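Encoded as structure tokens, the structure appears first; notes follow it.
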Amino acid sequence: MALTVEELAAQIMASEDLGILKVKVKEWADKDSKPLALGIRVMTVGERDAYEREWIGKRETGIDNFRTKFLARCLCHPETGERLFTDEQIEKLAGKSAKVVSKLFDSAMKHNAMSEEDVEELAKN
């Protein structure tokens, strides 16, 4: 028997679809010189919409700390999914290595099914 509309909607809402990609960052090591294990989480659609609205609103001038603002929404504890950085910490995160941040940014973009073409399309609209 087919699901009712209510049952189908309830199953969608109960689904765990905000997966966490676990990564190790060798450049950021713990006290024992082991690479830090971080999580990159999938943003909710509301978070992504807010980020895209900010981008659209500043398409002429661009967004300051474009990468770190995106990463602050995605970097998380690898087990709990809790965000690692608050919005207030974005400036500090922007002071980290461009090489490391770029690698994490690329992974976060991929994990969030967001491409450079998506960003370019936002800029056009």
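Values in this text are rule-based calculations from the coordinates and carry no lab data. The structure presented is a predicted model; accordingly, all values stated were derived computationally and were not measured. Positions of Cβ are backbone-derived with ideal geometry, glycine not excepted, and every protein chain shown enters the neighbour counts.
Couple of notes before you dig in:
- Where labels lie 7 Å past Cα in the beta-carbon direction, separation of Trp28 and Ser97 in nm: 1.2 nm
- Karplus-derived 3J(HN,Hα) values for the stretch 90-97, using 6.51 cos²θ - 1.76 cosθ + 1.60 with θ = phi - 60°, are 4, 4, 5, 4, 5, x, 7, 4 Hz; glycine and proline are entered as x.
- Lysine pair count for the stretch 18-124 (Cα-Cα distance under 19 Å; residues 8 or more apart in sequence or on different chains): 26.
- Net +/- balance of residues flanking Lys99 in space, Cβ distance below 14 Å, scoring K and R +1, D and E -1: +2
- Amide H contacts under 5 Å for Leu36: Val25, Trp28, Ala29, Asp30, restricted to partners 5 or more places along the chain or on a different chain, H placed in the peptide plane at 1.01 Å from N.
- The chain: most fluctuating residue of Ser102, Ser115, Ser15 per GNM, C-alpha cutoff 10 Å: Ser15
- Measuring spread by the Cα atoms of the chain yields a radius of gyration and Dmax of 16.9, 57 Å.
- Most mobile listed residue (Lys34, Lys103, Lys24) in the chain, GNM with C-alpha springs under 10 Å: Lys34
- A simple spin-label model places the labels of Ala50 and His77 2.0 nm from each other, with each point 7 Å out along Cα-to-Cβ.
- Residue-averaged [θ]222 nm for the chain, counting only DSSP H segments that reach four residues, each worth -39500 (n - 2.57): -14000 deg cm²/dmol
- Computed over the chain with a Gaussian network model linking Cα atoms closer than 10 Å, the most mobile of Leu75, Leu93, Leu36 is Leu36.
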